[in-house]
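Visitor: Pasting in a structure now, in structure tokens, and then I'll have a few things to ask.
The values are calculated or read from the model by the stated rules, or taken from the named source; none is laboratory data. These numbers come from a predicted model, not from an experiment. Cβ placement follows ideal geometry from the backbone for every residue including glycine, while neighbour counts extend to all protein chains displayed. Heads up: the accessible areas ignore ligands, DNA and RNA and are worked out on the full protein's heavy atoms, side chains in. Shrake-Rupley method; radii C 1.70, N 1.55, O 1.52, S 1.80 Å.
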Amino acid sequence: MSRRMAFSVAAGAVVLVGAGAYALAYAGEQPPALTHSTARYTAPDGNRDGSLTFTTSVTASSGVKDVKVLAWPQNSSFAKDKLTAKDMSDADSAVCKPFKKHTLNCTYTIKATASDAESSPRGVWHIAVLATAQNGTTTLNTEAADFIVK
């Protein structure tokens, strides 16, 4: 094999290894992905409290660090001003359990009393979710699921 040909083969191998390393590094920094998000609201009835339950699956190749959840009415200031990750910093955390290697199933449940229901705006509500991966990347979905308060 000539020197020129050996050099070309070696240079090609270096390029392929570099591209592979870049692809792996890029894949490791993907933000968390939310799937199968659902919300179920049950209004209080008589002496029985109601509840809001939100579930979602969160996948992150580096692992999931935290999942914050916030319910907000469609006619609130968040509709105009758009929720940010900073707005979500004080939101409640969901309870997450392992499902697959890099996926957690997360649930957020809160009791809804009769006084809560009376003071809550009627109409469509949205669930905002901020998922944070172990590597620090985040995903904010301001309308991951919806429910209606009648």
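Visitor: The conditions are (1) surrounded by fewer than 19 Cβ atoms within 10 Å (Cβ to Cβ); (2) assigned to a loop (DSSP other than H, G, I, E, B), and residue 98 fails exactly one of them. Which is it?
Guide: (2)
Visitor: Another question, if that's okay. Quick one: would you say residue 128 is touching a helix residue (DSSP H, G or I) at 6+ places or on another chain (Cβ under 7 Å), hydrophobic (A, V, I, L, M, F, W, C), surrounded by 17 or more Cβ atoms within 10 Å (Cβ to Cβ) and within 21 Å of residue 57 (Cβ to Cβ)?
Guide: yes
Visitor: Then there's this: Go through the residues of the range 134-142 one by one and say whether even a single one is in contact with a strand residue (DSSP E or B) (Cβ under 9 Å, 6 or more places away or on another chain), surrounded by 16 or more Cβ atoms within 10 Å (Cβ to Cβ) and under 27 Å from residue 46 (Cβ atoms).
Guide: No, the conditions are met nowhere in the range 134-142.
Visitor: So, in the range 33-54, how many residues would count as being buried (at least 17 other Cβ atoms within 10 Å of the Cβ), in a strand (DSSP E or B) and not aliphatic (A, V, I, L, M)?
Guide: The number of residues fulfilling the criteria is 4.
Visitor: Also: Can you name the residue in the range 55-84 that is among the polar types (S, T, N, Q) and surrounded by 14 or more Cβ atoms within 10 Å (Cβ to Cβ) and is also farthest from the chain's Cα centre (by Cα) among such residues?
Guide: 74
Visitor: Return only the number of the condition from (1) over 21 Å from the mean Cα position of the chain (by Cα); (2) surrounded by 13 or more Cβ atoms within 10 Å (Cβ to Cβ); (3) among the polar types (S, T, N, Q) that residue 115 does not satisfy.
Guide: Checking residue 115 against (1) over 21 Å from the mean Cα position of the chain (by Cα); (2) surrounded by 13 or more Cβ atoms within 10 Å (Cβ to Cβ); (3) among the polar types (S, T, N, Q), the one that fails is (2).
Visitor: For the range 39-70, what are the residues that are touching a residue at least 24 places away in the same chain (Cβ under 8 Å) and farther than 19 Å from residue 132 by Cα? Don't jump to the end; show me each part of the working.
Guide: First, pick out the residues of the range 39-70 that are touching a residue at least 24 places away in the same chain (Cβ under 8 Å): 39-44, 49-70.
Selection gives 39, 40, 41, 42, 43, 44, 49, 50, 51, 52, 53.
Yes or no, residue by residue, for (1) out of contact with any Phe, Trp or Tyr (no Cβ under 7 Å at 6 or more places or on another chain); (2) over 19 Å from residue 58 (Cα atoms); (3) not aromatic (Phe, Trp, Tyr):
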residue	(1), (2), (3)
70	yes, no, yes
87	yes, yes, yes
110	yes, yes, yes
116	yes, yes, yes
147	no, yes, no
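Visitor: A further question follows. When you go through 146, 87 one by one, which is the residue that is under 13 Å from residue 52 (Cα atoms), open to solvent by 50 Å² or more (accessible area, probe 1.4 Å) and not polar (S, T, N, Q)? Steps first, answer last, please.
Guide: Numbers: 87 fails: under 13 Å from residue 52 (Cα atoms).
None of the other options fit; the residue is 146.
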